[in-house]
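Notes for the one structure printed next.
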Amino acid sequence: MVAFLVSPDISAFIGARAAGDFFEGRVDILQGPHPSRIEHICLRMRDTEAHALRDAHDDAKTLIAMWRQRQPLP
């Protein structure tokens, strides 16, 4: 994990991992005082790790916004 975003009730840890010749972004979400982890894998496959990290950052912002609106996380 290389970065994270936080709000009062949720933390999102952002990273990327190699998937063959490509990279996929991933976001680990922790919720609540005794957190259970939710792993989100970005759908897009990218040529570079930087692009995969950008996808993960964008998805993390969306997931935090969903949490603030109290929509169930996928």
Give me the residue from the stretch 9-23 that is over 19 Å from residue 69 (Cα atoms) and touching a helix residue (DSSP H, G or I) at 6+ places or on another chain (Cβ under 6 Å) and, out of that set, modelled with the highest pLDDT. 23
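Which residue is surrounded by the most Cβ atoms within 10 Å (Cβ to Cβ), if the candidates are limited to the stretch 51-71 and must be under 18 Å from residue 16 (Cα atoms) and basic (Lys, Arg)?
So in the stretch 51-71, the residues under 18 Å from residue 16 (Cα atoms) come out as 51-63.
Cutting the leftovers down to basic (Lys, Arg) gives us 54, 61.
Working: 54: 17, 61: 14.
My answer is 54.
Hey, can you tell me all the residues within the stretch 19-29 that are surrounded by fewer than 16 Cβ atoms within 10 Å (Cβ to Cβ) and assigned to a strand (DSSP E or B)? It would help to see each step written out before you state the result.
Step one: of the stretch 19-29, the residues surrounded by fewer than 16 Cβ atoms within 10 Å (Cβ to Cβ) are 19-22.
Residues satisfying the conditions are 19, 22.
Select from the stretch 31-55 the residues that are of a type outside the set (Asp, Glu) and either closer than 14 Å to residue 11 by Cβ or in contact (Cβ under 8 Å) with a residue 60 or more places away in the chain (or both) and list them in ascending order. Quick ask: steps written out before the conclusion?
Within the stretch 31-55, the first condition is being of a type outside the set (Asp, Glu), and the residues that meet it are 31-38, 40-46, 48, 50-54.
If the condition is that a residue be of a type outside the set (Asp, Glu) and either closer than 14 Å to residue 11 by Cβ or in contact (Cβ under 8 Å) with a residue 60 or more places away in the chain (or both), then 31, 32, 33, 34, 35, 36, 37, 38, 40 are the ones that fit.
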Flagged in the stretch 32-50 as within 14 Å of residue 67 (Cβ to Cβ) and surrounded by 15 or more Cβ atoms within 10 Å (Cβ to Cβ), in numbering order, are 38, 40
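The values are calculated or read from the model by the stated rules, or taken from the named source; none is laboratory data. Every value quoted in this text rests on a predicted model; they were computed, and no experiment measured them. All Cβ positions, glycine included, derive from the backbone under ideal geometry; neighbour counts span all protein chains shown.
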